[in-house]
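Working notes, structure below.
The values are calculated or read from the model by the stated rules, or taken from the named source; none is laboratory data. Predicted, not measured: the structure shown is a model, and the values here were computed from it. Counting neighbours? That spans all protein chains shown, and the Cβs are built from the backbone with ideal geometry, glycine included.
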Amino acid sequence: MVERRYPIDDITVKESWRLFRIISEFVDGFETMAEIYPAVSIFGSSRIGADDPLYEKARAVARLFAENGFNVITGGGPGLMEAANRGAVEGGAQSVGLNIHLPMEQQPNAYANVVLDFRYFFIRKVMFVKYAQAYVVFPGGFGTLDELFEAITLIQTDRIKPFPVILVGNDYWTGLVKWIRERLLGTGKISSDDMDLIQLVDDPDEVVAAVKRTVIV
């Protein structure tokens, strides 16, 4: 017979309080984000410094979006998230940072003028998708890839309305797109239409133009 380390009632109470925290994060997110429209979610590495050309490109893209009537949503951290929040402020838009509590790396940047803090990744993902009219994905690591494939999967399965998913940085993303085409499409794991869910774009003006072709501000 297995001995329980904690009484079952204690476990139930702990799980119940966790449920209240989850509901609280959803409520805070919905109430804050409801007025953020239209908006673009911009993703990218937290490990990019301000002296990196990618930082300036993300800043320029966000500023262009702001100047064209879009607010900008990021993960609220350093690196390319900071660059995008900074560009949004410079362009006069609402600059949203959806910060996540992590044991390392994630510290809120100073350029978000609308800030939300999350304990749970899945709630934060809902905010990224629900309140964005497009995803713009710069080079990044596992977190960036997670957000990218989450969006593609939701669009593919008709769980959300289709919106532009734009990969910025041909040198970085071409290999992944080739792998998707050869391994996923080539072996019948996805359909040819699924390849149309992502766009490779490098020029900041073209990034904004690609979104404006499908999103009316």
_Selected residue (only one of 47, 119 is surrounded by fewer than 18 Cβ atoms within 10 Å (Cβ to Cβ), in contact with a His (Cβ under 7 Å, 6 or more places away or on another chain) and touching a residue at least 60 places away in the same chain (Cβ under 8 Å))_ = 119
_Any hit, segment 171-193, residues being closer than 18 Å to residue 129 by Cα, surrounded by 10 or more Cβ atoms within 10 Å (Cβ to Cβ) and modelled with pLDDT of 95 or more_ = no
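Here is a yes/no grid of residues against (1) within 12 Å of the chain's Cα centre (by Cα); (2) not in a loop (DSSP other than H, G, I, E, B):
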| site | (1), (2) |
| --- | --- |
| 109 | no, no |
| 117 | no, yes |
| 124 | yes, yes |
| 133 | yes, no |
| 146 | yes, yes |
| 149 | yes, yes |
| 153 | no, yes |
| 162 | no, no |
| 187 | no, no |
_Can you tell me which residue is nearest to residue 46 (Cα to Cα) among those in segment 68-97 that are free of Cβ contacts under 8 Å to residues at least 40 places away in the same chain and assigned to a strand (DSSP E or B)?_
74
*Would you please name the residue that is surrounded by the most Cβ atoms within 10 Å (Cβ to Cβ), looking only at residues in segment 28-44 that are part of a helix (DSSP H, G or I) and among the acidic types (Asp, Glu)?*
28
*asked:* Exactly one condition in (1) aliphatic (A, V, I, L, M); (2) touching a Phe, Trp or Tyr at 6+ places or on another chain (Cβ under 9 Å); (3) in a helix (DSSP H, G or I) is false for residue 48; which is it?
replied: (3)
*Across segment 189-214, what is the total count of residues that are among the charged types (D, E, K, R) and not in a helix (DSSP H, G or I)?*
4
*Examine segment 141-150 for a residue that is among the aromatic types (Phe, Trp, Tyr), farther than 24 Å from residue 62 by Cα, surrounded by fewer than 19 Cβ atoms within 10 Å (Cβ to Cβ) and modelled with pLDDT of 95 or more, and state whether such a residue exists.*
no
